[in-house]
Amino acid sequence: MTASRPFESDASQAGPPPGGLAGWTPFDLANGPEGVAVRWIDLGAADFSEPFFRDTVNRRLRTHEPRVASSGLETLCALPREVAHLRPSGFIFHAARSGSTLFCNVLKALDDTLVLAEPPPVNQLLSSPARHATPDLWDAVFAGLISCLGQPRRPGQQRYFVKFSSHAVLRLSDIRRVFPDVPWIFLYRHPIEILVSVLEDPPGWLQLHDTPAQAEDVTGIPAEQVRRMSREAFCGAVLQRALTGVLDAPADRGHVINYSQLRPETIGALAGALGLRPSEAERERMRASFDRDAKAQEAKPFVQDQMAKRQKANAALQKIFDGSLKTPYLALEDRALAI
C-alpha cells in the first residue's frame, strides 16, 4: 500500500491508548514492519468545518499537539462493533473541479449532518492492490474505515456524507459493492472545462502520468499505454473512464448533477435528491454557502467560470473532447437531475 503524507506534522505515535480508540479518527495508512498500520488522531471537539478533511487534521496538529496512535487494520473492522457510528447517508463523487467542495459546504449547513471531504485513508485504500488480491478482506476493511470515520462529532448528528476525491469514481463499482444501498451523486461539468482546470493546476492523480505502473494501479489504463500518452491525452483518458463508469452504474440510487445546476435557487431540488428536508433556517445557511469561494478561507464570492475556462481551450483539447468525451458527456446530460 502506498501511503501519502498530506499532513504538516508527524506527531509521535504509539500503540492504541489504554482507554481504546473510541472517538479517535483514522487519518492515515502507512507501511510498517508488521504490515499496514492505521494512524489515529484524537481530534477532541474539533468538527470537520474546513473545506477538506486534511485541513481539520492539520489545524489540530498545529494548534493542539494531539495524541496520535497506531493500530493494525483489524482494528478498523472491530471498532465499529464497539462504538456508536453513523451509517452513510450519501456518497459524493465528482469529476475534478466540478463544484463538489461547494456542494459539501452546502451540506455542512445542516444541523444534524457530518460531512467528510476526501479523507486521505479512503484514497489510500481505494488505490491499494489488495482490492484485487484479497477482495473480501478489502471489502471488510473499507466498510470498517467508513464506519470508524463516521463516529459523531457532536450531539445530535444523524446524517453522514463522504465526499471522495475525483479519481475515486473509477472505483464506483467497488464502493457500491460494499454499500449497495447508499445513495450517491456525481457532479460533473463540460469536459473541456475540466481539462483546462486540471492541466492548469494538476491534482495528485494527474502526476501519475510520470509513473505509468502506479497509474495503471489507480486508473486501470495499461502502463505501456500511459507511456505513449501526452499529459493531455492521459487526462482525457482518465476522465473518459470516469464518465463511462458513472453511465454504466445502475441509476436507481444515483443522481448526476451538472456544475451549472449549483445555484442558490436550486437548493431544494439538490437537497431532495439526497432525501433531505432542510428547515427554512438551514436553507438560508445553505444558500449563504454561495457567498464565498468554496476553497477560500477569506470572504470571496463563488463565481461560476464556465466561459473563462472554455476560452483557454486549445485545438488539442477540443480534439480530445470530440474523440472520446463528447458522447459520454451528452449521455450524462440526458441523465442530469431535473431542476
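Just to verify a result, which residue in the stretch 17-57, among those that are of a type in the set (Phe, Trp, Tyr) and assigned to a loop (DSSP other than H, G, I, E, B), is nearest to residue 75 (Cα to Cα)? Break it down stepwise before answering.
Here is the first cut: in the stretch 17-57, the ones of a type in the set (Phe, Trp, Tyr) are 24, 27, 40, 48, 52-53.
With the extra rule that they be assigned to a loop (DSSP other than H, G, I, E, B), the set shrinks to 24, 48, 52.
Values: 24: 12, 48: 23, 52: 25 Å.
By that ranking, first place goes to 24.
Take the conditions touching a helix residue (DSSP H, G or I) at 6+ places or on another chain (Cβ under 7 Å), among the hydroxyl-bearing types (Ser, Thr, Tyr) and surrounded by 22 or more Cβ atoms within 10 Å (Cβ to Cβ) and apply them to residue 197. Does it pass?
Working: touching a helix residue (DSSP H, G or I) at 6+ places or on another chain (Cβ under 7 Å): yes; among the hydroxyl-bearing types (Ser, Thr, Tyr): yes; surrounded by 22 or more Cβ atoms within 10 Å (Cβ to Cβ): no.
Considered against the rule, which asks whether it is touching a helix residue (DSSP H, G or I) at 6+ places or on another chain (Cβ under 7 Å), among the hydroxyl-bearing types (Ser, Thr, Tyr) and surrounded by 22 or more Cβ atoms within 10 Å (Cβ to Cβ), residue 197 comes out as no.
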Output the residues belonging to the stretch 202-260 that are touching a Pro at 6+ places or on another chain (Cβ under 7 Å), without any contact (Cβ under 8 Å) to a residue 24 or more places away in the chain and under 18 Å from residue 317 (Cα atoms). 226
Here is a check on your reading of the model: is residue 162 under 24 Å from residue 270 (Cα atoms), buried (at least 22 other Cβ atoms within 10 Å of the Cβ), out of contact with any helix residue (DSSP H, G or I) (no Cβ under 6 Å at 6 or more places or on another chain) and at pLDDT 95 or above? yes
If you go through the stretch 216-224 one residue at a time, do you hit one that is at pLDDT 95 or above, assigned to a helix (DSSP H, G or I) and either of a type outside the set (Ser, Thr, Tyr) or farther than 30 Å from residue 71 by Cβ (or both)? yes
I'd like to know if the stretch 89-97 contains one or more residues that are in contact with an Asp or Glu (Cβ under 9 Å, 6 or more places away or on another chain) and either within 20 Å of residue 50 (Cβ to Cβ) or at pLDDT 95 or above (or both). yes
So which residues in the stretch 60-91 are without any contact (Cβ under 8 Å) to a residue 40 or more places away in the chain, touching a strand residue (DSSP E or B) at 6+ places or on another chain (Cβ under 8 Å) and either in a helix (DSSP H, G or I) or under 14 Å from residue 41 (Cα atoms) (or both), if there are any at all? 60
Conditions (1) within 18 Å of residue 334 (Cα to Cα); (2) of a type in the set (Lys, Arg); (3) over 19 Å from the mean Cα position of the chain (by Cα): number failed by residue 285: (1)
If residue 165 meets every condition in (1) of a type outside the set (Lys, Arg); (2) within 21 Å of residue 258 (Cβ to Cβ); (3) touching a residue at least 60 places away in the same chain (Cβ under 8 Å) apart from one, which number is that one? (3)
Examine the stretch 295-315 for a residue that is under 22 Å from residue 203 (Cβ atoms), out of contact with any strand residue (DSSP E or B) (no Cβ under 8 Å at 6 or more places or on another chain), of a type outside the set (A, V, I, L, M, F, W, C) and modelled with pLDDT of 90 or more, and state whether such a residue exists. no
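The values are calculated or read from the model by the stated rules, or taken from the named source; none is laboratory data. Predicted model, so just to flag it, every value in this text is computed and none were measured. Every residue, glycine among them, receives a Cβ derived from its backbone with ideal geometry; neighbour counts consider all protein chains shown.
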